[in-house]
Amino acid sequence: KNEVEQSPQNLTAQEGEFITINCSYSVGISALHWLQQHPGGGIVSLFMLSSGKKKHGRLIATINIQEKHSSLHITASHPRDSAVYICAVGRGAQKLVFGQGTRLTINP
Amino acid sequence: DAGVIQSPRHEVTEMGQEVTLRCKPISGHDYLFWYRQTMMRGLELLIYFNNNVPIDDSGMPEDRFSAKMPNASFSTLKIQPSEPRDSAVYFCASSDSAGGQGYGYTFGSGTRLTVV
């Protein structure tokens, strides 16, 4: 079993829909990262969470440390949100362990 | 800061040739990581350094892979000899153990390696 599990693996939605991507992990961590990767592109860090909730524009990330679970939400989704979203867990500034990613496609 | 800088962006080489990937981390960051991304296995850690010292190289596939960090502003990942199964995107990342938002965890743009 992978240390970091994401669901769903693939998600297709219509523009404007509310999107939720889930991440569960099985190891003790100090922080959880949500990353975004566009096709053929680099990796951008969206959020780092150690507790609670963070919001940036239309993106919201939450984490429940007791349940070892995090969610990434996108409100009013747009085709430019189409990308692979990767959950990664780590300890402080040290190495990350990655989920397999969720491929999101938003159709106009 | 220009971010984490990797070179080359793309590399096509013949099987058996030596390949050297380069990375310049963000100034002041004390951790440097080399990751590999493939369709089959996703993102995997190869090796990471703290203050230029290799800490964990358990992800290095085999002796054909080696990494160095001669100073705080430069690291190389070398594959010799290269094989087709080494084809992947190689990412370098750096971070700051001093803390703060996200520890400054930043990825480079990656090097897409194709071994034919």
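Just a few scattered comments:
- Cβ-based net charge around B:Ser58, under 14 Å, with every Lys or Arg adding one and every Asp or Glu removing one: -3
- Between B:His10 and A:Ser50, the simple label model (points 7 Å from Cα in the Cβ direction) yields a spacing of 4.2 nm.
- Shielding of A:58-70 by partner chains, average beta-carbon count, 10 Å: 0
- Peptides B:19-25, B:39-45, A:66-72 ranked from most to least packed by the mean count of surrounding Cβ atoms within 10 Å: B:19-25, A:66-72, B:39-45.
- Mean Cα-pair separation over length for chain B, i.e. relative contact order, pairs under 8 Å, 6 or more apart, %: 37
- A cut-off under 14 angstrom between Cβ atoms defines the neighbours of A:Lys95, and their net charge, with Lys, Arg +1 and Asp, Glu -1, is -3.
- Averaged over peptide B:39-47, the number of partner chain Cβ atoms lying within 10 Å of each residue's Cβ comes to 3.
- The mean count of C-beta atoms from other chains within 10 Å of the C-beta of residues in A:94-100, rounded to a whole number, is 6.
- For the peptides A:80-87, B:7-14, the ranking by mean Cβ contacts within 10 Å, running from highest to lowest, is A:80-87, B:7-14.
- In order along segment A:63-76, the phi-based Karplus estimate (6.51 cos²θ - 1.76 cosθ + 1.60, θ = phi - 60°) of 3J(HN,Hα) comes to 9, 10, 5, 5, 8, 6, 8, 9, 10, 10, 10, 10, 9, 6 Hz; Gly and Pro are listed as x.
- Peptide ranges B:83-92, B:46-55 listed from the most packed, as the mean C-beta count within 10 angstrom indicates: B:83-92, B:46-55
- For the protein assembly as shown, with +1 on Lys and Arg beta carbons and -1 on Asp and Glu, the positive-most of A:Val44, A:His78, B:Pro70 along the dipole: A:His78
- Computed over neighbours whose Cβ is under 11 Å from that of B:Gly108, the net charge equals +3, Lys and Arg +1, Asp and Glu -1.
Read-outs: derived from the displayed coordinates by stated rules, not from any lab. Bear in mind the structure is a predicted one, so any value in this text is a computation, not a measurement. Neighbour counts are summed over all protein chains in view; Cβ atoms, including those assigned to glycine, are modelled from backbone coordinates with ideal geometry.
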